[in-house]
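The values are calculated or read from the model by the stated rules, or taken from the named source; none is laboratory data. Only a predicted model underlies this, so the values are computations on that prediction, with no experimental measurement involved. FYI the Cβ positions are ideal-geometry reconstructions off the backbone, even for glycines, and counts take in every protein chain you see.
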Amino acid sequence: MVDIIPFEPNHLTGILDLCRDEAWPTFPEAPERALRSLTAPGVVATVALEGTRVIGLAQALTDGVIQAHLSLLATAHDRRGQGIGRRLVTETLRRSGVQRIDLVTDSAEGFYTSMPHRRFAGFRIYTTAGTPQRQPDPPPEPLVDHPGNRKWSRDARRHNDDQRSAIYGS
Ligand SMILES: CC(C)(COP(=O)(O)OP(=O)(O)OC[C@H]1O[C@@H](n2cnc3c(N)ncnc32)[C@H](O)[C@@H]1OP(=O)(O)O)[C@@H](O)C(=O)NCCC(=O)NCCS
């Protein structure tokens, strides 16, 4: 039996394993940061649990009423095609309390088009400092060069630092 339940810290190891299987390095390279991400204010993190094994993960960021963003979704390779991904999305919508979820994907279009949806162009905006240089993340589009860019990225970094300090202390 597969249970779809809220994330608890003892699920972290299983989540890191799922991320490694997808070659998603961001969580495994800093587990303590991953835990902060999964438990941050406004985050709805949900796991699919079979016994004690984590076989699925969804992480969303919600405003609680209208809109959420789906940040992560994965089902274990050997459990795909059994409705777990769909259950994770359904439960994420329910727990987020929203009308809609936005997301970007470069790997699961067939999955998302199987649900009620509208299609938009998607972007992922990076701070210059945080722009990943490594694979397997696809290289980001080059930043459009205009006079405001340098100031924008400095202000964005400062904003991020302030937010981090406000939430976690400095
Ligand atoms: C995308 C993913 C989460 C789907 O999980 P899953 O548990 O296999 O999905 P489900 O079994 O709930 O599938 C739901 C529906 O989507 C369809 N579907 C699933 N993956 C699909 C794919 N790659 N292409 C086309 N259709 C797909 C299923 O056939 C099913 O349709 P049905 O309800 O009409 O039978 C899983 O393939 C995965 O972890 N992929 C790698 C990570 C990834 O790409 N995550 C998304 C990043 S944004």
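Quick notes on this one:
- Yes/no for ILE55 being within 10 Å of the ligand (Cβ to nearest atom) and either under 16 Å from MET115 (Cβ atoms) or outside the structural domain of MET115 (by TED's automatic domain parsing) (or both): no
- Flag if ALA34 is closer than 23 Å to SER107 by Cβ, surrounded by 20 or more Cβ atoms within 10 Å (Cβ to Cβ) and either more than 15 Å from the chain's Cα centre (by Cα) or not polar (S, T, N, Q) (or both): no
- Of all residues in region 60-94, those being within 16 Å of VAL43 (Cβ to Cβ) and among the acidic types (Asp, Glu) number 2.
- Residues of region 86-132 classified as within 15 Å of the ligand (Cβ to nearest atom), without any contact (Cβ under 8 Å) to a residue 40 or more places away in the chain and outside any helix (DSSP H, G or I), total: 17
- Filter result (small (Gly, Ala, Ser) and part of a helix (DSSP H, G or I)) within region 11-57: GLY14, ALA34, SER37
- Some residue of region 62-76 being of a type in the set (D, E, K, R), modelled with pLDDT of 95 or more and more than 14 Å from the ligand (Cβ to nearest atom): yes
- Checking region 77-85 against the condition returns a match, with at least one residue being more than 9 Å from the ligand (Cβ to nearest atom) and surrounded by fewer than 20 Cβ atoms within 10 Å (Cβ to Cβ).
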